[in-house]
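Single-structure report; data block below.
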Amino acid sequence: MNEYLTLAEASELIGKSKETLRRWDREGKLSAIREPMSNYRLYKKDEVEALFAAFVAQDMKEEVSNFVEAERDYTVLELFAGAGGLAVGMEKAGLKCVALNEIDKWACQTLRKNRPNWKVLEGDIKAFDFSEYHNKIDVVTGGFPCQAFSYAGKKLGLADARGTLFYEFARVVNEVNPPICIGENVRGLLSHEGGKTLEGMISILDEIGYNVVPVQVLKAIHYKVPQKRERLILVGIRKDIELQYEYPKPYKKVYNLRDALKKSELFDSHVPKSEGAKYPKSKIEVLKLVPQKGYWRDLPLDIQKSFMGGSFHLGGGKTGIARRIGWDEPCLTLTCSPAQKQTERCHPEETRPFTVREYARIQTFPDDWQFEGSIAQQYKQIGNAVPVNLGREVGYSIVKFLNQYYSLSKPK
């Protein structure tokens, strides 16, 4: 069925609503055939592509660029640095990492191996005092974990958050007093504890002297990352600064798995060979039957039931289970373990998980960025990272803000 597109796929490809496509079908402008069992519309892929080739090519002319040159040396202090995805992105945008804190020993070894000149502060953030950096840092960044406060809401003060890692993030911002701070988190923070956790964070930043820009969730596919991944960005601007921060603009072009693993605009060579996890034999037998872009519902019914077990009857799409990624789509969100049940991300042609270097490519790490520790530790570091290209685009937005700030007559 690969020569056909569903209504949803055709709609996504050409950027028109499903209702428009239904109307065009009725008008004969773009005719669909009907799938015999379900009576759903199917479109011949070559017809859709031919009809809209000029239209798509014209639409793909990229008019957006977030690139901006730093007008002076800007410095970053990064907390919860992990394996360096955000830090490498910031570096690519022209920001200089002065120090990074991380508790995981393997991630720290990764940072030291790749950037021996970086000051890596290994250990629990609670043990470090950052007041030596007071008024000497331009931006504090950090991907703090999402934790509930014992009490949360609009009137939360710094002391109320003690014991959480967001408290430590805010404490460091308070000690360092940068013009801007950036927190990043999962999309789920929006709804965590009914939104009260996020309200509490905004209240705490307000108390320590920072106005929070309206929070946005950035989709990595709009920022030159070949992966469907979302990150919530929390931006605080020091209250004495009367400047607007602008989020990076999204790009039109969406990159796919082929762009990640083959020579492309993103990488100037094919992905290097490397080690990787393996599926157990029983899983290989099942996944062999799944086509590209397919998932567990593409299996024969008896195999669906045995593979899914009790969750077969639970309803819901569960479209990430037994999923084989297609070359012409972005990868689904990478997890910390490539072979675990319910989050299979199978290679398009070979029945195996992505290798370590393939994982790194999908997260847009450079090929020369080496990861330390066991294979499992390497996957965990990569799966937890902010995609490098997303970090770079956010980095440009910070540079743009700082250029404006330092061009004022008397920045503090």
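Around the amide H of LEU121, modelled in the peptide plane, lie the amide H atoms of LEU100, ASN101, GLU102, all under 5 Å away and 5 or more residues distant in sequence or on another chain. With θ taken as phi - 60° and the Karplus curve 6.51 cos²θ - 1.76 cosθ + 1.60 applied, the whole-hertz 3J(HN,Hα) list for segment 159-171 is 4, 5, 9, 3, x, 9, 6, 5, 4, 5, 4, 5, 4 Hz, x standing for glycine and proline.
Our coupling estimate for segment 69-83, obtained by passing each phi through the Karplus curve with A = 6.51, B = -1.76, C = 1.60 and θ = phi - 60°, is 7, 6, 7, 7, 7, 9, 10, 10, 10, 10, 10, 6, 6, x, 8 Hz, Gly and Pro reported as x.
What share of Cα pairs, in percent, lie more than 18 angstrom apart in segment 257-384? Write down the numbers at each step before the final one.
Working: 4262 of 8128 pairs.
Percent of Cα pairs beyond 18 Å in segment 257-384: 52.
Peptide packing: for 261-270, 83-92, the average count of neighbouring Cβ atoms within 10 Å per residue gives the ranking 83-92, 261-270, highest mean first.
Label-to-label distance, ALA127 versus SER31, with points set 7 angstrom from Cα along the beta-carbon direction: 7.3 nm.
Taking 0.36 nm per residue of sequence separation and removing the Cα-Cα distance, the LEU314/GLU230 pair yields an extension gain of 27.6 nm. Once the C-beta distance of THR6 and LYS278 is scaled by a Förster radius of 35 Å, the resulting FRET efficiency is 0.60 to the nearest 0.05. Report the label-to-label distance for ASP328 and ASP240 in nanometres (one decimal), using points 7 Å from each Cα along the Cα→Cβ vector. Each label point is offset 7 Å from its Cα along the Cβ direction, giving 5.7 nm. Given R0 = 45 Å, the distance between the Cβ atoms of GLN340 and ASN135 translates into a calculated FRET efficiency of 0.50.
Take the Cα of ILE375, step 7 Å toward its Cβ, do the same at GLN147, and the gap between the two points is 3.4 nm.
For GLY294, nonlocal amide neighbours, meaning residues 5 or more places apart or on other chains whose placed amide H falls under 5 Å from its own, are ARG324. Per-residue ellipticity at 222 nm from helix content only, as computed over the chain with -39500 (n - 2.57) for each DSSP H run of at least four residues, stands at -9500 deg cm²/dmol. In this structure, the pairs whose alpha-carbon distance is over 21 Å, taken from LYS92/LYS113; LYS136/LYS400; LYS113/LYS228, are LYS113/LYS228.
Partners of LYS44 within straight-line reach, counting lysines whose Cα lies under 18 Å from its Cα and excluding those fewer than 8 residues away in the same chain: LYS16, LYS18, LYS29, LYS293.
Which pairs in the list LYS45/LYS252; LYS96/LYS263; LYS155/LYS253; LYS96/LYS154 are over 32 Å apart, alpha-carbon to alpha-carbon? Cα-Cα > 32 Å for LYS155/LYS253; LYS96/LYS154; rest within. The charge dipole of segment 4-59, taken about its Cα centre with unit charges on the Cβ of Lys, Arg, Asp and Glu (plus for the first two, minus for the last two), comes to roughly 260 debye. Can you tell me the orientation of helix 45-59 relative to the chain, as the angle in degrees between its alpha-carbon axis and the longest Cα principal axis, to the nearest 10? In the chain, helix 45-59 runs at an angle near 30 degrees to the longest axis. Can you spot the aspartates and glutamates whose alpha carbon is less than 14 Å from LYS341's alpha carbon? Ignore those fewer than 8 places along the same chain. Answer for LYS341, where 14 Å is the Cα cut-off: none of the aspartates and glutamates qualify.
Remark: segment 236-247, residue by residue, has Karplus-estimated 3J(HN,Hα) of x, 10, 4, 5, 7, 9, 9, 10, 8, 8, 10, 5 Hz, where x stands for each Gly or Pro and the curve is 6.51 cos²θ - 1.76 cosθ + 1.60 at θ = phi - 60°.
Which whole-number percentage describes the relative contact order of segment 275-357, with Cα contacts under 8 Å and a sequence gap of 6 or more?
On the way: 116 pairs, mean separation 31.4, N = 83.
About 38 percent, as a whole number.
For the listed peptides 9-22, 197-210, 272-285, a ranking on the average number of other beta carbons within 10 Å per residue, highest first, reads 197-210, 9-22, 272-285.
Of all aspartates and glutamates in the structure, the ones whose alpha carbon falls short of 15 Å from that of LYS105, not counting any fewer than 8 places away in one chain, are GLU122, ASP124, GLU372.
Bear in mind these aren't lab numbers, they're just calculated from the coordinates by the rules spelled out. Being a predicted model, the structure only gives us computed values, none of them experimental. Cβ coordinates were reconstructed from backbone atoms using ideal geometry, including for glycine residues, and neighbour counts include every protein chain displayed.
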